[in-house]
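Participant: Encoded as structure tokens, here's the structure I'll be asking about.
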Amino acid sequence: MKKLLMSLLFLLSIFNLYAQRSQSDLILKLLEDQRQAWNRGDINEYMQGYNQSDSLLFVGKSGPQYGWNNTLKNYKKSYPDQSAMGYLSFDIKEIKMIAVDHAFVLGAWHLKREKDEPKGYFTLIVKKIKGEWKVIADHSS
């Protein structure tokens, strides 16, 4: 009986690791889809990775801002054209599941533009909503 219980626990731990890896892969896909949209100069498509809600939180150099529409407006103001947007790359440092439907993401961002190369870090809280991972909080510096 003890061996059966140990085997069951072992199988559950393997399943849990697989499930976490599977969710991490889906989160990575979300970020890659956003990166590709950005690099095409498509802010509207980039924003599809964010939860379209008034409760979306974006924290940047101007402090906390709430709302999907406000976030879109601020992106369009800060990045009015393809040259301002540059070429975006990410270096994902960590994806940590904090609940079945929530994850924490830590990463670095880098923009390559004609005249400069700004870079920084970000932390995201992503949530699985209606079967899709969406950013619900973004702190970028």
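Every number in this text was worked out from the coordinates using simple rules, so none of it is lab data. Keep in mind that this is a model prediction, so the values were computed, not measured. Neighbour counts run over all protein chains shown; Cβ positions are idealised from the backbone, glycine included.
Participant: Label-point separation (nm) for residue 52 and residue 96, each offset 7 Å from Cα along Cα-to-Cβ?
Facilitator: The modelled label-to-label distance comes out at 3.2 nm.
Participant: With a cut-off of at most 15 other beta carbons within 10 Å, and DSSP calling the residue loop, which GluC sites (Glu not before Pro) in region 32-141 qualify? Please list them.
Facilitator: Details: sites: 32, 45, 94, 114, 132; in loops: 114.
When the GluC sites (Glu not before Pro) of region 32-141 are filtered for loop state and at most 15 Cβ neighbours within 10 Å, 114 remain.
Participant: Further question on the same structure: Nearest 10 degrees is fine. How inclined is helix 2-39 to the longest principal axis of the chain, computing both from alpha carbons?
Facilitator: So the helix axis and the longest Cα principal axis differ by about 10 degrees.
Participant: Quick one: order 24, 78 by neighbouring beta-carbon count within 10 Å, fewest to most. Show your work: numbers first, answer last.
Facilitator: Details: 24 18, 78 13.
By the 10 Å Cβ count, ascending, the order reads 78, 24.
Participant: If you don't mind, there's one more thing I want to ask. For residue 128 and residue 82, what is the calculated FRET efficiency with R₀ set at 35 Å and r taken between the beta-carbons, to the nearest 0.05? Before the final figure, lay out each step's value.
Facilitator: On the way: r = 32 Å, r/R0 = 0.91.
Between residue 128 and residue 82 the formula returns 0.65.
Participant: Same structure, new question: Using just the helices of the chain, give the 222 nm mean residue ellipticity in deg cm²/dmol: DSSP H runs with n ≥ 4 each add -39,500 (n - 2.57), and the total is spread over all residues, rounded to 500.
Facilitator: Working: 4 runs with 57 residues, N = 141.
-13000 deg cm²/dmol, from helical runs alone.
Participant: Related question: Name the residue, out of 124, 72, 31, whose mean-square fluctuation peaks in a Gaussian network model built on the chain with Cα pairs under 10 Å.
Facilitator: So, out of 124, 72, 31, the one fluctuating most is 72.
Participant: Next question, about the same structure. Could you give the nm distance between label points at residue 44 and residue 112, where each point is 7 Å from its Cα heading toward the beta carbon?
Facilitator: According to this spin-label approximation, the distance is 2.9 nm.
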